Amino acid sequence: MRKFLSLLLALTMLFSLVACGDDTTPVEDNNDDNNVVANNGEETPVDADADTDADTDADADNTEASADYLDFTALAEMDKEEADEIVYDYVLGEYAAAYADAKEETGDLRMAKMALAEAKLLESGAFLPVQTSGGAFTMSRVVPRTNAATTLWGLDEYRYHTLLVTNELISAADRTECIALWSAAESAEDYRTKVKEFLTGKGYTFTDTYTSSNGYAINIWDTIATSYTSDSMFVAGTYDNLLEYDAKGVQQPGLAESYEVSDDGLTYTFHIRKGVKWVDQQGSEIGEVTADDWVASMEHLLDNFDALGYLMSADGGCGLVGFDDYLAGTATFEDVGVKAIDDYTLQYTLINPFPPFPTMLGYACFAPLNRDFYKAQGGTFGAEGDTYTPGDYGKTPANIAYCGPYLITNYTERNITSYSANPTYWNPDSINIKTLVYTYNDGSDVTRAYEEAKAGTIAGAGIAGPNLESAKVDKLDGDTETIFEKYAYVSDGAGTTYCGWMNVNRGTWANWDDPTVGVSPKNEEEQLRTKQAMALKEFRLAFLTAFDRGAYNACSVGEELKYNRLRNSYVPGTFQFLASDVTVDVNGTSTTFPAGTSFGKIEQAQLDADGVDITVWNDETASGDGFDGWYNPDFAKAQLEIAIQKLAEQGVEVSADKPIYVDYPYETDAEIAVNQANSLKQSVEAALEGKVIVNLVAMADSAEMESATYRFSTGAEANFDLSTGSGWGPDYGDAQTYLDTIQAYGYMAKNIGLF
């Protein structure tokens, strides 16, 4: 799964509190067979040296031969899936080919080729990486890095039982000292001991209660059957996984005491911890954790393939033996590569070696499932020959079984979720936080979280907008410095990349669940004109490079930090580094990247070789974050002029008097969202000189907004031309965890209107 997160909600809270998908092999070029692409010559690659004066003719090299274009009238008459495959191949075929080649490799060559493939993905203009969470002024009582927050994948960051939390806000200076102790510590336990001594010596006292607020409303308590971290984060503390990351980013034994890997790299054998109890919501024992709990989990996962299954498939994940065959109906569950050898021995068998496999284990698809409790809730398994139904399992906190550090003691929808320590937990000494509380905050009152954090009602909050000005004046009792001067720090970035998605094959002009909501103001002619424009790479790049992300971000974090959380690539530039020297072909030139080279630096080399004026890596800061490598009005104007000429060849006139309209939904009850929508509209329309107009489509609340931009199942239900409503974070420690999502049938492909 992973972090298919709603950006609007994350920004509302200014805290990082996302999803999985399936995939398939790149589609064949069906253009000739289906006659939906009009052939007017070869598509010209983006030229960074194109004339940047919008009032003059574009570079002749870009206009001699114009691109093929999609015939949306013919596409509309076709089967939707077949049409989507054609559109995907037209928009992302170059990326698909490069990525398929990368996936054939192993080790450092694999990483380097994946970086080159992502460059092709960004060049398509199908979407724009906008930002990550973090990178904002924050105040907090949470001792930094006392859980797995630095691990960019999995759900371990939402396991809060190991946190240390003080009763007092921690000063920025003391926080810096804490992080220095973390860097020097030999282990997570060493750090926890030393940081507690340090803070105690500074006069801080500790609490065993952690209260935070967020804008997420859980939809289901069955973590195996959901693709949303906004669901799974609520459940993460109720169960343990086989292995878990600690505060130093090291995997430690969880429900597996140990494991070994076969010499051929195909079989992983886990030895399950004995004596771990399953309990119900009241803490009454209902069974023992055994190896069969992961077999039952896999059976349930197969019944919910759309939620998390892509992580098990051969093409989209680890390649579990028999998984794809079972789904195809050519194998039984006995052929699937998960076996309970005995009560305490569990085996997973893969088709091919997949070294990142252990890094996957923190995710919800590897959560155990108590078979007897599930069946007692009316749940059935397709693998047992039954017609699948979850029954009541996962409907409420009373309808799940618990084997983790917490029991859910209170839940009121869109209000409060409370947890208490599980008295039967196998590792009680690890539970520093005995009471965990989530409060719901819809963001309509932008001062609420700040005031609650100041008062100690919640542990911390972001400091932005009007709160930033307040923090520069407000003082806590006994302080001579203002809150901003003493406590404000810039929070760490995260693995999730929030994006601006371009809907290249829009199928609806109102919300899928309520056609009276989110209705597009465009008429049919304007809808078709937008689709014709959005199909062109030059139009998409023009729009995205006209988007001033810094100004947009300033609406949430202020001018001082507007670039801090900007991200310029889908895979974070520092996500992986070469372990050895690697030589690859970059546009016909043999290029060697030395050991230690980052993913982002390799990606930049391909962008530069292709002459695409996008910057995703900064050598000086050794980062792909913290600067705007996309906003370029001159480049945007030049690309738009090329698009206008190509549209003219299709009989589509584009001018300031006859613009292309792009629908952008926004939530009207959240001040930050309103300001961001207006910022986006202003920058795009100014850079493109009114030839593109952004229609701001009002959504009354987060529920309407989520239906339009987040909680939809297929590309046909995506109700926008542009959305900044969601993002993706990693499931495991390999770039494939991001890039698979933009394959044909990949989970995030629905955000560009496909599949």
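Please treat every number below as a calculation from the coordinates, not as lab data. This is a predicted model, so every value here is computed, not measured. Glycine also receives a Cβ, built like all others from the backbone with ideal geometry; neighbour counts cover every protein chain displayed.
Quick notes
- Taken one residue at a time, the phi angles of region 582-588 give Karplus couplings (6.51, -1.76, 1.60, θ = phi - 60°) of 9, 10, 10, 8, 10, 6, x Hz. Gly and Pro are set to x.
- Over the chain: helical MRE at 222 nm, DSSP H runs n ≥ 4 each giving -39500 (n - 2.57), nearest 500: -8500 deg cm²/dmol
- Of the residues Trp221, Thr332, Ala686, the one whose Cα sits farthest toward the positive end of the charge dipole of the chain, with +1 on the Cβ of Lys and Arg and -1 on the Cβ of Asp and Glu, is Trp221.
- Here region 624-692 and region 314-336 have alpha carbon centers that stand 44 Å from each other.
- Across region 110-122, rounded Karplus estimates of 3J(HN,Hα) from the backbone phi angles (6.51 cos²θ - 1.76 cosθ + 1.60, θ = phi - 60°) give 4, 4, 4, 5, 5, 5, 5, 5, 5, 4, 5, 4, 5 Hz, Gly and Pro being marked x.
- Pairs from the table (Lys537/Lys601; Lys454/Lys486; Lys194/Lys248; Lys339/Lys750; Lys113/Lys601) lying more than 22 angstrom apart at Cα are Lys537/Lys601; Lys339/Lys750.
- Antiparallel %, DSSP beta bridges [both residues in the chain], to 5: 80 percent
- In this structure the amide hydrogen of Asn695, modeled in the peptide plane, comes within under 5 Å of the amide hydrogens of Val662, Asp663, Tyr664, none closer than 5 places in sequence on its chain.
- Farthest toward positive dipole pole in the chain [+1 Lys/Arg, -1 Asp/Glu at C-beta], among Gln377, Ala488, Gln527: Ala488
- Computed across region 408-518, the Kirkwood hydrodynamic radius from all distinct Cα-Cα pairs reaches 18.5 Å.
- Each of Pro353, His271, Leu92 was placed along the dipole of the chain (beta-carbon charges, centred on the mean Cα), and the one lying farthest toward the positive end is His271.
- Space enclosed by the convex hull of the alpha-carbon atoms of the chain, per residue, Å³: 156 Å³
- Amide H contacts under 5 Å for Thr345, placed H, 5+ residues apart: Ile272, Ala291
- Relative exposure of Glu260, Glu157, Glu94, Glu189, judged by other C-beta atoms within 10 Å (fewest first): Glu260, Glu189, Glu94, Glu157
- Projection of the Cα convex hull of region 239-399, averaged over all directions and equal to a quarter of that hull's surface, yields 9.8 nm².
- Max-minus-min Cα coordinates of region 532-615 on each principal axis give 43, 36, 15 Å, with the largest extent listed first.
- With eigenvalues of the C-alpha gyration tensor scaled by 5 and rooted, region 672-747, Å: 27, 17, 13
- Counting Lys and Arg as +1 and Asp and Glu as -1 over every other residue whose Cβ lies under 13 Å from the Cβ of Glu285, the net charge comes to -2.
- Placing +1 on each Lys and Arg Cβ and -1 on each Asp and Glu Cβ, with no other charges, gives region 239-399 a dipole about its Cα centre of roughly 420 debye.
- The tail of the calculated P(r) for region 196-260, taken as Cα-Cα distances beyond 14 Å, holds 73 percent of the pairs.
- In this structure the amide hydrogen of Ile416, modeled in the peptide plane, comes within under 5 Å of the amide hydrogens of Tyr440, none closer than 5 places in sequence on its chain.
- The charge dipole of the chain, taken about its Cα centre with unit charges on the Cβ of Lys, Arg, Asp and Glu (plus for the first two, minus for the last two), comes to roughly 3120 debye.
- By average C-beta atoms within 10 angstrom, highest first, the peptides 470-476, 335-341: 335-341, 470-476
- Phi-derived couplings, Karplus 6.51 cos²θ - 1.76 cosθ + 1.60 at θ = phi - 60°, listed residue by residue for region 188-195: 4, 5, 4, 5, 4, 5, 6, 6 Hz, with x used for Gly and Pro.
- Reciprocal mean inverse distance between Cα atoms of region 572-618 - Kirkwood radius, Å: 11.0 Å
- Of interest is the spacing of the C-alpha centroids, which for region 360-429 and region 79-123 amounts to 37 Å.
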